[in-house]
Amino acid sequence: MKEKNPVFVEIPRATPREVPVALRVLGWGEIYGDFDAGQGEQQAGRCIDCGNPYCEWQCPVHNYVPNWLKLAREGRVFEAAALMHETNPLPEICGRVCPQDRLCEGACTLNDGFGAVTIGAIEKNIVDEAFRQGWRPDLAGVKPSGRRVAIVGAGPAGLAAADRLARAGVAATVFDRYEEIGGLLTFGIPPFKLDKETVKLRRRVLEGMGVEFRLGVEIGRDLPFDALLERYDAVFVGTGAYREVAAGLPGDDLPGVMPALPFLIANVRRLLGSDAGSDASLDLRGKHVVVLGGGDTGMDCNRTAIRLGAASVTCVYRRDEANMPGSRREVKNAREEGVRFLFNRQPLDVLGSERVEGVRVVETRLVADGRNRARPEAIAGSEETLRADVVIVAFGFRPSPPDWCVDAGIDVDDSGRLKVGGTGRLPYQTTNPRVFAGGDNVRGADLVVRAVHDGREAAASIVRSLAIGTAFARESESSFA
Ligand code: FAD
Ligand code: SF4
């Protein structure tokens, strides 16, 4: 009798429905929908539970992936959602924005020839469905400790810390200078990758867990940092990395040249009905846009410019496609939506008299020295000029340590990152023992899931430092290095 093929052979990898390109560029909605009925369970059933789950190791928060895939396969939505939250305070968000091809799915055993399990989409769909059905984290057994912690920054690092502190019975108050929570989840990542209602729902979930948000409050301007040290038992600082890497090109001060983040933020604010509705820089109708940079921020600018009606969008990157830092999925999406990629091109200067009219670029070849990443080298005589009415500079971000760090005794390294951990300190504890930090302000610009990891682990350290004997603190000891 012929043996039956394993599930992963019988059922090929499938991703949730995608909004057709012609429709998605007309609006701002997420481009991925849900799985068809029963398809999520089927896809979860492709996991072979290989015994050595590389996906777990490659996932920065070490999600119990095979265990929740089994629950998802069996349709046990609430249990799967609860298990996801044990390691990841923001699973529905990571399921949407993680570059899975470089993380869990890239490491899946089936990725070698059969197509990785669609881990991210299943994570997103399970939590969305659990929330739809009314599931919420169960904190019934949590005893209030009487301790209070202030969190500066409502980005993924701060939100993850708030979640873990709430679970440990610590009252967490999150301060943010913006009018909504999320940090770059709200004011950086565009809505076609992460719908803002998802972040708002997470806010309601956290508020239901007892987390308090004080928004529109900039620490250092509206409230001194000292006040937090006086009023709270400890402070977590998750202020992100906001210093844009400048283009440094002749002519980059011409009108029409703009940095990536203010452009993306203005657009989100406009969509949220906030103050930037009349920002002229957002009117790209009929304009030729050149985006400099090949990272995720560059991809977001490309795709935003397409939706703002640009006549053409050209993305210039100085290395080749294989060396692009951006997620493969986002490059594919950008290309489908009409973005033209010019690889191996180094911008030389921005041209124009009254305002930008073009960008001069030179072709590059990659030179490997066997040790570092291949270096782009200009090919003499290959210069060309690209027509541009608008140039968006997306060369990345550096940490931007708040001014009050110095007065608060929080040491910062030469590149502006807050120093944490080390001899005699808990993980994520700064040089002020009552202050902890994590996310982009400690690592430099990185990923949502790594910020989540830091917030989670910093909260574990805070709980230890406050000597609260909760189950959560004991659980977290395994990660105490
Ligand atoms: P942030 O998200 O930056 O949050 C910091 C918060 O601190 C902000 O809300 C800020 O207002 C607040 N704050 C700062 N100073 C103060 C103060 N003094 N007082 C009060 N509040 C303050 N990562 C991915 O994994 N996938 C992606 O697809 C992706 N896309 C990206 C797209 C763009 C355009 C950008 C810029 C980044 C992207 N990233 C992506 C990276 C990811 O967003 C960041 O790594 C992550 O948000 C860092 O989290 P964080 O909490 O450290 O900081
Ligand atoms: Fe994959 Fe990110 Fe989910 Fe981890 S958190 S399993 S890396 S999608």
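The values are calculated or read from the model by the stated rules, or taken from the named source; none is laboratory data. Keep in mind that this is a model prediction, so the values were computed, not measured. Note that each Cβ is placed from the backbone with ideal geometry, even for glycine, and that neighbours are counted across all protein chains shown. In case anyone asks, the SASA skips ligands and DNA or RNA and just uses the protein heavy atoms, side chains included. Shrake-Rupley method; radii C 1.70, N 1.55, O 1.52, S 1.80 Å.
For the reader, a short list of remarks on this structure follows.
- Restricting region 390-428 to residues that are in contact with a Phe, Trp or Tyr (Cβ under 7 Å, 6 or more places away or on another chain) and modelled with pLDDT of 95 or more, the residue that is nearest to Leu184 (Cα to Cα): Ile392
- When the test is whether a residue is within 25 Å of the chain's Cα centre (by Cα) and open to solvent by 70 Å² or more (accessible area, probe 1.4 Å), Gln58 passes it.
- Flag if Val117 is farther than 17 Å from Val77 by Cβ, buried (at least 24 other Cβ atoms within 10 Å of the Cβ) and either modelled with pLDDT under 95 or away from ligand 1 (no atom under 16 Å from the Cβ) (or both): yes
- Inside region 127-136, residues that are in contact with a helix residue (DSSP H, G or I) (Cβ under 8 Å, 6 or more places away or on another chain) and open to solvent by 20 Å² or more (accessible area, probe 1.4 Å) make up a count of 5.
- Odd one out for Arg221 among (1) surrounded by 15 or more Cβ atoms within 10 Å (Cβ to Cβ); (2) at pLDDT 95 or above; (3) more than 28 Å from Gly146 (Cβ to Cβ): (1)
- For region 30-49, the count of residues that are buried (at least 18 other Cβ atoms within 10 Å of the Cβ), closer than 26 Å to Val452 by Cβ and among the aromatic types (Phe, Trp, Tyr) is nonzero.
- Of all the listed residues (Thr431, Thr470), the sole one being at pLDDT 95 or above and of a type in the set (Ser, Thr, Tyr) is Thr431.
- Restricting Leu249, Leu228, Leu206 to residues that are of a type in the set (A, V, I, L, M, F, W, C) and assigned to a loop (DSSP other than H, G, I, E, B) narrows the list to Leu249.
- Among the conditions (1) in contact (Cβ under 8 Å) with a residue 24 or more places away in the chain; (2) surrounded by fewer than 18 Cβ atoms within 10 Å (Cβ to Cβ), the only one that Glu197 does not satisfy is (1).
- Close pairs from region 441-455: first of a type in the set (S, T, N, Q), partner not in a loop (DSSP other than H, G, I, E, B), Cβ under 6 Å, at least 6 apart: Asn441/Leu418
- Exclusive hit being part of a helix (DSSP H, G or I), within 30 Å of Glu197 (Cα to Cα) and touching an Asp or Glu at 6+ places or on another chain (Cβ under 6 Å), set Ala241, Ala266: Ala266
Matching residues to (1) within 16 Å of ligand 1 (Cβ to nearest atom); (2) within 23 Å of the chain's Cα centre (by Cα); (3) not β-branched (Val, Ile, Thr):
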residue: Tyr32; (1), (2), (3): yes, yes, yes
residue: Gly51; (1), (2), (3): no, no, yes
residue: Tyr54; (1), (2), (3): no, yes, yes
residue: Val65; (1), (2), (3): no, yes, no
residue: Trp68; (1), (2), (3): no, yes, yes
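The rows are residues; the columns are (1) away from ligand 2 (no atom under 16 Å from the Cβ); (2) open to solvent by 10 Å² or more (accessible area, probe 1.4 Å).
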residue: Gly141; (1), (2): yes, yes
residue: Pro144; (1), (2): yes, yes
residue: Arg147; (1), (2): yes, yes
residue: Ala161; (1), (2): yes, no
residue: Arg164; (1), (2): no, yes
residue: Ala168; (1), (2): yes, no
residue: Ala171; (1), (2): yes, yes
residue: Asp176; (1), (2): yes, yes
residue: Gly182; (1), (2): yes, no
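- Residue check for Pro16: surrounded by 14 or more Cβ atoms within 10 Å (Cβ to Cβ) and within 16 Å of ligand 1 (Cβ to nearest atom): no
- Checklist (1) in contact with a helix residue (DSSP H, G or I) (Cβ under 9 Å, 6 or more places away or on another chain); (2) within 18 Å of Phe192 (Cα to Cα); (3) assigned to a loop (DSSP other than H, G, I, E, B) applied to Gly273, failing item: (1)
- Counting the residues of region 381-409 that are without any contact (Cβ under 8 Å) to a residue 12 or more places away in the chain and assigned by TED's automatic domain parsing to the domain that holds Leu261 gives 1.
- Arg360 being away from ligand 1 (no atom under 16 Å from the Cβ), more than 23 Å from Leu264 (Cβ to Cβ), open to solvent by 50 Å² or more (accessible area, probe 1.4 Å) and touching a strand residue (DSSP E or B) at 6+ places or on another chain (Cβ under 7 Å): yes
- Qualifying residue in region 135-158 (condition: in a helix (DSSP H, G or I) and over 19 Å from the mean Cα position of the chain (by Cα)): no
- Taking helices (runs of 4 or more DSSP H) as the structural unit, those lying wholly within region 27-85 and holding at least 1 residues that are touching a Cys at 6+ places or on another chain (Cβ under 9 Å) correspond to 54-58, 65-73.
- Enumeration of residues in region 98-134 that are within 18 Å of Gly40 (Cα to Cα), outside any loop (DSSP other than H, G, I, E, B) and within 10 Å of ligand 2 (Cβ to nearest atom): Gln100, Cys104, Glu105, Ile119, Gly120, Ala121, Ile122, Glu123, Lys124
- Residue in region 159-188 that is farthest from the chain's Cα centre (by Cα), counting only those that are of a type in the set (Phe, Trp, Tyr) and outside any loop (DSSP other than H, G, I, E, B): Phe175
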